[in-house]
């Protein structure tokens, strides 16, 4: 069984995120991505997604990460996962960000329990969202 991390998005977000994750984790063949380009129909995206996950079998698991809840990439990908009988073995997460994707790639093979994996991924994603405050009057670079 292979656990695939599949990144999907509008525009170039998913390919860019995949590239950034690979800088941190090294390239991994089980990390896939595709995107809905500005000149592409939702059906064309769906065809690309179908081809992308062709190697995934019913014994595998998919961690699908989407940029926006309910967007065309997400809905079309879910249709394909359903027609391939993969939906019940998939973890679908939205609002993807760099810490979320890195955690999924790094932890997917360490946690067999999908609920535990989900909590770990979402926890890292939420903890990464914060405000960085620079103290006024402190111009020392040593404090950053």
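The values are calculated or read from the model by the stated rules, or taken from the named source; none is laboratory data. On a predicted model such as this, the values are computed, not experimentally measured, just so you know. Glycine also receives a Cβ, built like all others from the backbone with ideal geometry; neighbour counts cover every protein chain displayed.
The residues on offer are 120, 34, and the sole one that is under 17 Å from residue 7 (Cβ atoms) and not in a loop (DSSP other than H, G, I, E, B) is 34.
Set side by side, the residues 42, 77 differ, and just one is modelled with pLDDT of 95 or more and surrounded by fewer than 19 Cβ atoms within 10 Å (Cβ to Cβ), which is 42.
Scanning region 1-15 for residues that are closer than 19 Å to residue 69 by Cα, out of contact with any helix residue (DSSP H, G or I) (no Cβ under 9 Å at 6 or more places or on another chain) and either modelled with pLDDT under 95 or not in a loop (DSSP other than H, G, I, E, B) (or both) yields 13, 15.
Quick test for you: out of 79, 44, 51, pick the one residue that is without any contact (Cβ under 8 Å) to a residue 40 or more places away in the chain, within 15 Å of residue 9 (Cα to Cα), more than 16 Å from the chain's Cα centre (by Cα) and in a helix (DSSP H, G or I). Answer to the check: 44. The set of residues from region 104-117 being in a helix (DSSP H, G or I) and under 16 Å from residue 62 (Cβ atoms) comprises 104, 105, 107, 114, 115, 117. None of 101, 125 is under 15 Å from the mean Cα position of the chain (by Cα) and in contact (Cβ under 8 Å) with a residue 60 or more places away in the chain except 101. Return yes or no: is residue 104 surrounded by fewer than 15 Cβ atoms within 10 Å (Cβ to Cβ) and in contact with a helix residue (DSSP H, G or I) (Cβ under 7 Å, 6 or more places away or on another chain)? Spelling it out, it is not the case that residue 104 is surrounded by fewer than 15 Cβ atoms within 10 Å (Cβ to Cβ) and in contact with a helix residue (DSSP H, G or I) (Cβ under 7 Å, 6 or more places away or on another chain).
Starting from region 21-32, keep only residues that are at negative phi, then list their pairs with residues that are assigned to a strand (DSSP E or B) and surrounded by 11 or more Cβ atoms within 10 Å (Cβ to Cβ) whose Cβ atoms are within a distance under 7 Å, requiring at least 6 positions of separation or different chains. Pairs found: 21/31; 30/3; 30/4; 30/5; 31/5; 32/4; 32/6.
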